[in-house]
Amino acid sequence: MTDEARQAAEQAAERRSGALRAAVARRLVSEEQPVVGLLDTAGVRRSATALHAAFATPGVAVQHTFAVKAASLVPVLGLLREYGLGAEVASPGELALARAAGIPPAMTVLDSPAKSTAELREALALGIAVNADNPEELARIDALLAAAPSASPLGLRVNPQVGGGSIDAMSTATATSKFGVALRDPGAEEWVLRSYAERPWLTRLHTHTGSQGVPLPLMAAGVRAAYDLAERINAAAGRQQVTTLDIGGGLPVDFTSDATDPTFGAYADLLRAEVPGLFDGRYGIVTEFGRSLLAKHGTVLARVEYAKSAGGRPIAVTHAGAQVATRTVFAPDAWPLRVLALDPQGRPKTGEPVVQDVAGPCCFAGDLVARGRALPLLAAGDHVALLDTGAYYFSTHFAYNALPRPAVWAYAGEPGAEPGFAPVRAAQTLDELLAESGAALPPLQP
């Protein structure tokens, strides 16, 4: 880690510590609201700035989009828009969120393996970029364009089948991945070349190798495969038909420390070495990063409701479990989180580390965010902080046991200064939960 990166990590940790104490003091987390999400806007700005700097190349048009699924919160999308990021959407809901955040169609990309005709029609009418996933979808786009021409940039997603990383569920370039046209399958590349030859309006090519658990060389290999294919398409066309390469996102996150590793700069440098033609000015570049932009800047803060023991193992029962840390609870080996033990005032708890479990509120035995973790012994009234949870955690709620969605607050301020808080999402009320669950509808008849 460079001295600059180390200093940035230390400053982020100091801002986080101040925000945790202030959130408790201001009762953002309390008996009435026992769990809350916190987002460091200074950290978000730093990540966005680093992303732009990493890919900036004279003569190369680069559009960075944010994968909305990583933080489906309108104020967050609006903040990223202010930092020059568009939106990568994969559903009608995500598109609605992006539009509500003021992200224009020209900065929006629609990716999904299951786009309906209605979704495609709306995107084409708005001029949103669309990456077709498969031959049937491309035929559906043909029919829609015949009925109503569109200004949308259009492309095809391909699966380079370069292999998977350490987490199968996050690897999208395996031999049997559900995404894109599998390039190494018999006849697939010939079909792709023919499809572009028959459709001069296909001007983009999209690929995405995966995210967490996928090493940078494998990501670069996927981009290289797409680049080489674009070169063959253009050679066959006798012109620059493919003008933009959408290289997806997927930069993995270090969940073991405050360090940002790998960095956007390291990935861009690797691409410059492995795929130099990507940066020679003939192609525009689109990216779709998500987790790597926000994960390090979010924290889940929750009260400890009870302390107990079973079989000699201390257990801290908290209000942060599967509803906010779904992946960690159901796949703990793939998604371990750092946990801070805090006292009733939100300060770091002192004392000798004791091996203990940190449990959530959900009514099943596996609802644990940390198993056998050595921490200062937690007691009722203490707090726990789940670190690196700015993406996919408090923004992607799992409504188990009808637990309401927690409030999310953004915080800002210099290290050591009293932070200011701004609301990102209000806590879900029980009335809202009831309405969402059909309480206003007439009873079913026996």
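The values are calculated or read from the model by the stated rules, or taken from the named source; none is laboratory data. For clarity, every value in this text was computed on a predicted model and none was experimentally measured. Backbone-built Cβ (ideal geometry, glycine too); neighbour counts: all protein chains shown.
List of remarks:
- Residue within the stretch 249-258 that is of a type in the set (V, I, T), surrounded by fewer than 17 Cβ atoms within 10 Å (Cβ to Cβ) and in a loop (DSSP other than H, G, I, E, B) present: yes
- The single condition from (1) among the small types (G, A, S); (2) closer than 20 Å to E32 by Cβ; (3) surrounded by 19 or more Cβ atoms within 10 Å (Cβ to Cβ) that A370 fails is (2).
- Scanning the stretch 33-70 for residues that are part of a loop (DSSP other than H, G, I, E, B) and in contact with a strand residue (DSSP E or B) (Cβ under 8 Å, 6 or more places away or on another chain) yields Q33, P34, A56, V60, A61.
- For the stretch 346-353, the criterion of being among the β-branched types (V, I, T) and in contact (Cβ under 8 Å) with a residue 40 or more places away in the chain is satisfied by no residue at all.
- Subset of the stretch 134-176 [small (G, A, S) and crowded, with 19+ Cβ neighbours inside 10 Å]: S150, S152, G155, G164, G165, S171, A173
- Test: residue in the stretch 307-314 that is surrounded by 14 or more Cβ atoms within 10 Å (Cβ to Cβ), more than 28 Å from the chain's Cα centre (by Cα) and of a type in the set (D, E, K, R): no
- Checking each residue in the stretch 208-235 for being farther than 22 Å from D142 by Cβ and either in a strand (DSSP E or B) or of a type in the set (S, T, N, Q) (or both) picks out T209, G210, S211, Q212.
- Residue in the stretch 380-394 that is modelled with pLDDT under 95 and not basic (K, R) present: yes
- Given (1) closer than 30 Å to R272 by Cα; (2) surrounded by fewer than 21 Cβ atoms within 10 Å (Cβ to Cβ), number of the condition G93 does not satisfy: (1)
- Selection status of L294, under 29 Å from Y393 (Cα atoms), at pLDDT 95 or above and in a helix (DSSP H, G or I): yes
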